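Worksheet: one structure, shown below.
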Amino acid sequence: MTNPSSHSEGGRKTPDQSYVPGLPGRLLSRAYTGVVQHRNRRFDRGKRVVTFDRPVVSVGNLSLGGTGKTPTVEKIVELLRAHGHDPAVAMRGYGSKRAGISDEAELYRSRFDDLPLVAQPKRVEGLIALFGTERGRRVDCVVLDDGFQHRRIARQIDLVLIDASHDPFGCEVFPAGRLREPAANLARATHVVITHAELVSPPVAAALAERAASCAGVGSCGVASHEWSGFTVVNRGRESAEPASYIAGKRVVAACAIGRPAGFLAALERAHADVVEAIVLPDHDPFSQASIERICAPVGEGALHAIVLTRKDWTKLGQRPIDWPCPVAIPTLAVEFRQGWEALAHDILAAAASEPE
């Protein structure tokens, strides 16, 4: 596999490279932490906190970059809908936008029919506006995407995801490190799930789960891995569903613009693809024409069998008039719980059926 670190377009830094090192970083981190903690104390006292008349489930994290929030929110939405609930999803709406719709919002709209969605920085105002519509009045619960730091909205479930390959207990707060707030703030979480367990050994995942559970004051943590359950293959405008074994042995170019590319690249290895080039762009990159030409360019000797793109990136590229030189394979990402899903699902459903205080 080609070294992905050489593929940051235009010299831009990837998220893992963008921190301020040394004394300047530590000083800035201390100042940033002070602001964050002051803000948290205000929320702890209930200042500016809004309690809606329907339950709220928050999915968030402690760190910058991807921890699997989108597939986890999708799994929760599926659970709620399967048990007769009508959830809405509220999110910040970060990143590249097409027709005013962010990458993640486009993912949800492509995944679920008739899903009420708020995608704007002022989520309180967005939800109030939604609840005032005919469709919004049928909504009986809310799922917050990236809500751990968005504390203006009271919630019944405060789920925090921790990437197993990035231990938050050994990391600094931004800009010296990748934490949004100190790891000790995990204490306000009601539930914790260790994600990307496939990237570490079982003992490492278990040790992190034990420490996180102790910090959060919960009995135990869920542990989940990210797996590809199959592919949607687009070839000359036609789509087909293919099994997870589809790219095994095939010569492919892989490209992504996501917060944590390590999981994507590791999944390619587990799928036994012959990756002739891996192009890693910054999170939410809009894919310039130069990037597209590079993805589509012939690489080395032999035929190229497929171009592999994440579903998030395909929401942008699939709408553009690109003459793909070979089939495009979009993996279906699933969060597979190794432990803790039954207890978490029980608590989510109990919260969804409760009356907010």
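The values are calculated or read from the model by the stated rules, or taken from the named source; none is laboratory data. Note that this is a predicted model, so its numbers are computed, not measured. Note that each Cβ is placed from the backbone with ideal geometry, even for glycine, and that neighbours are counted across all protein chains shown.
Assorted remarks:
- All of Asp283, Asp347, Asp323 fail the test of being in contact with a Phe, Trp or Tyr (Cβ under 9 Å, 6 or more places away or on another chain) and at negative phi, apart from Asp283.
- Selection count where residues are under 16 Å from Ser63 (Cβ atoms) and of a type in the set (S, T, N, Q), scope the stretch 174-207: 2
- Subset of the stretch 140-170 that is touching a strand residue (DSSP E or B) at 6+ places or on another chain (Cβ under 7 Å) and surrounded by fewer than 18 Cβ atoms within 10 Å (Cβ to Cβ) - its residue that is nearest to Ala183 (Cα to Cα): Gln149
- Answer residue from the stretch 315-357, given it is part of a helix (DSSP H, G or I) and small (Gly, Ala, Ser) and is farthest from Val143 (Cα to Cα) among those: Ala343
- Any hit, the stretch 340-356, residues being at pLDDT 95 or above and acidic (Asp, Glu): yes
- Residue in the stretch 327-339 that is nearest to Asn235 (Cα to Cα), counting only those that are surrounded by 18 or more Cβ atoms within 10 Å (Cβ to Cβ) and modelled with pLDDT under 95: Leu333
- Selected residue [among the basic types (Lys, Arg) and either surrounded by fewer than 17 Cβ atoms within 10 Å (Cβ to Cβ) or closer than 22 Å to Arg260 by Cβ (or both)] from Arg54, Arg42: Arg42
- Number of positions in the stretch 216-240 that are of a type in the set (A, V, I, L, M, F, W, C), within 23 Å of the chain's Cα centre (by Cα) and not in a loop (DSSP other than H, G, I, E, B): 6
- Entirely in the stretch 27-146, the helices (runs of 4 or more DSSP H) that have 2 or more residues that are basic (Lys, Arg): 69-82, 103-111
- Across the stretch 289-311, the number of residues qualifying as in contact with a Gly (Cβ under 9 Å, 6 or more places away or on another chain) and in contact (Cβ under 8 Å) with a residue 60 or more places away in the chain comes to 1.
Yes or no, residue by residue, for (1) under 27 Å from Gly93 (Cα atoms); (2) crowded, with 20+ Cβ neighbours inside 10 Å; (3) in contact with a Pro (Cβ under 9 Å, 6 or more places away or on another chain):
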residue	(1), (2), (3)
Glu269	no, no, no
Val280	yes, yes, yes
Pro286	yes, no, no
Gly302	no, no, no
Lys316	yes, yes, yes
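- Per-region count, the stretch 294-314, residues in contact with an Asp or Glu (Cβ under 7 Å, 6 or more places away or on another chain) and assigned to a loop (DSSP other than H, G, I, E, B): 1
- Enumeration of residues in the stretch 178-198 that are buried (at least 20 other Cβ atoms within 10 Å of the Cβ), in a helix (DSSP H, G or I) and not hydrophobic (A, V, I, L, M, F, W, C): Asn185
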